[in-house]
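My questions will all concern the structure given below.
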Amino acid sequence: MKSDRSLQALIPLLLLLAVLLPAAGWGISVPDSIILNKNGALYDQISFDHARHIRVTKECSDCHHHTTGTLVEDPNCIRCHRNSGPSQTVSCRGCHTPDPFSAKSLRDKDHAPKTYHLDKPGLKGAMHQSCVGCHTKSKKGPTTCTGCHPRSAAGDAFYNTGEYAPKPKAGKSGH
């Protein structure tokens, strides 16, 4: 009988904790690693160590504008989306399109009329702003292109580097 009363007293406390804890505490599945730049032409894809970044930052909103089940927190977004309700997705791709100014994206009925989103960077720009910005500010992590992902053979050819670098002319000092 006493254990039933203790359990009944504990239920409101558990419900309160469930509401107050962040979504990560609810057992929402978060990937340990994410493959970025899957179709990159100039740089190889990379395996982003999501688990390590979670351990380092300890706060999802340090990288994401919002977290699953919460309202948008980014000051630029909140101007219009303050009453949009809890977010269902937090992936970069959920808001940032790979090529926002392509003909396909501009014709897309969900994006074309929203010309007020023209200041929103594409997927690559958003990730680079967030990653490089944080790495620069914290003085930890790579801040160069090849510091994150190696250049592909097509990238070497495009930038005239590696085996595609111009060969010095024989007998010339280069000065």
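What pairs come out if I take residues in segment 118-135 that are of a type in the set (Phe, Trp, Tyr) and pair them with residues that are modelled with pLDDT of 90 or more and part of a helix (DSSP H, G or I) whose C-beta lies under 7 Å away, six or more apart or interchain?
Cβ pairs passing all conditions: none.
Let me ask something else. Mind checking whether some residue in segment 28-37 is under 18 Å from the mean Cα position of the chain (by Cα), of a type in the set (Ser, Thr, Tyr) and modelled with pLDDT under 85? Spell out the reasoning first.
Of segment 28-37, the ones under 18 Å from the mean Cα position of the chain (by Cα) are 28-37.
Narrowing further to those that are of a type in the set (Ser, Thr, Tyr): 29, 33.
Adding the requirement that they be modelled with pLDDT under 85 leaves 29.
Within segment 28-37, one or more residues are under 18 Å from the mean Cα position of the chain (by Cα), of a type in the set (Ser, Thr, Tyr) and modelled with pLDDT under 85.
Find the helices (runs of 4 or more DSSP H) located wholly in segment 75-175 whose residues include 3 or more that are at pLDDT 80 or above, and list them. Don't jump to the end; show me each part of the working.
On the way: elements: 75-81, 92-95, 103-107, 123-138, 145-148, 153-159.
Result: 123-138, 145-148, 153-159.
Within the group ARG52, ARG5, which residue is assigned to a helix (DSSP H, G or I), at pLDDT 75 or above and not acidic (Asp, Glu)?
Numbers: ARG5 fails: at pLDDT 75 or above.
Exactly one residue qualifies, and that residue is ARG52.
The values are calculated or read from the model by the stated rules, or taken from the named source; none is laboratory data. None of the values given here were measured: they were computed from a predicted structure. Note: ideal-geometry Cβ built from the backbone for every residue, glycine included; neighbour counts use all protein chains shown.
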